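Notes follow once the structure below has been shown.
What follows is calculated from the coordinates using simple rules that are stated; it is not laboratory data. Remember, it's a predicted structure, so these values are computed and weren't measured experimentally. Cβ atoms come from the backbone with ideal geometry, glycine included; neighbour counts cover every protein chain shown.
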Amino acid sequence: MTNTTFDIPYLKNQDNQPMKPQPTRNTALEKFLLAMTLLFCTTQVLAQRPTAESYFGLKAAANFSSNSFKDPSLADYNLKSKTGFAGGIYYNISFSEKFSVQPELLYSQMGSELESTVDESNNASLDLGYASVPLLFKFSPIERLGLFAGPQLDFMTDKKINYESGDDDDNVTQLNSIDFALTAGAEFWITKNIGVYGRYILGLSNQNAQNPGLWLNDEIVTGKITNSAIQVGVTIGFPAGESIYTPKDSDGDGISDNEDKCPDVAGTANNLGCPDMVLYYSHSEANLDSADMMNLDKVVTFLNNNPSLNIVIEGYTSTEGESDFNQNLSEKRANASLEYLASKGISKKRMKAIGYGEQFAIGDNDTEEGKIKSRRVVIRVAK
């Protein structure tokens, strides 16, 4: 027995030209639901690894899309990009401080503009809508910055050709309903919950793989058609645990390293993350005793370990005595500390001495204990 094959011809009109196919039911919806089920299951498995940095959010963007038409019948057309909208939801699952996975569900407007060089009435706009499902693998080399790449499935939800003549065609059944793409880009978090991002999307599937091909101005386009887009937008994150990104705090003082002048030494917010450095005087004098010198030696070590930092040395007094005397005394106290530090090799260019007198006295200056709290030199890191 011999095998016999039959070539099924396209339907033809009375001029012996192929007729436009009639709409047929496609399985894009079923495939989309299957993909969403698989994505949900994957997300549930990945989410079993708890992390305080996981978060979900919304994003909205401008899509600058275009199509690549590889067909000689379009030699009389100039192809231009088309601006559309993209937006949707996502969930970021962190595995470590630097690595995470982010599935997304977006709606994306794609397509391109076709300008005829022969007849302007033949100008057309190919308008395509997709439900896009990217699966992004993210790497954060530094705080706030994320780099990502991954595969993307696009399920066509709407398709239409709009002609400048007004003769629109929403019966674009020849285009494939699914596109497989790759995407890559970067994001930057402006605040803990608001960021900006950009990505490039490269479609790999031939959207014109069905016979007889895309109809354009009663011509059949049989060549390969692919999608591509540049997407630029904003993202808003809602923490599933703590903040969108957890700023690094090396010394554990509650001040993130990017705001901490002393990221390796625990300090206070009032001193820009550096440790408080205070000398107290038991009497109305400016001389340094051995205990003061030991404390200032610690300042020397600190400044030697942090050569990029400068300091301000502030002198204060209690309210006891005349204000002019107290002002002069506070300046002497500040300068005494400066001179001692300079004698230990700290450049005077890195230091500034200021006397504030009694105007910032603290504690109850009616008691000796309160007066001692006010008789002080405070060394602060310069802003």
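Counting only C-alpha contacts under 8 Å and six or more residues apart, can you give the relative contact order of the range 63-180 as a whole percent? About 21 percent, as a whole number.
Partners of Lys192 within straight-line reach, counting lysines whose Cα lies under 25 Å from its Cα and excluding those fewer than 8 residues away in the same chain: Lys59, Lys98, Lys138, Lys248, Lys261, Lys383.
Shown for Lys371, Lys349, Lys192, Lys261: other C-beta atoms within 10 Å of each C-beta, ranked fewest to most, produce the order Lys349, Lys192, Lys261, Lys371. Taking all Cα pairs closer than 8 Å and separated by 6 or more residues, the relative contact order of the range 269-381 comes to 40 percent. Counting Lys and Arg as +1 and Asp and Glu as -1 over every other residue whose Cβ lies under 12 Å from the Cβ of Asp264, the net charge comes to -3. For the range 243-302, the mean projected area of the C-alpha convex hull, equal to one quarter of the hull surface, is 5.1 nm². Legend: ranking of residues Ser205, Ser112 from fewest to most surrounding C-beta atoms inside 10 Å; resulting order Ser205, Ser112.
Positive-end ranking of Asn328, Leu296, Gly355 along the dipole of the range 269-381, with charges on Cβ about the Cα centre, is headed by Leu296.
In the range 243-368, the convex hull through the Cα atoms has an average projected area of 9.3 nm², a quarter of its surface area. The ranking of Met156, Met294 from fewest to most other beta carbons within 10 Å of each one's beta carbon is Met294, Met156.
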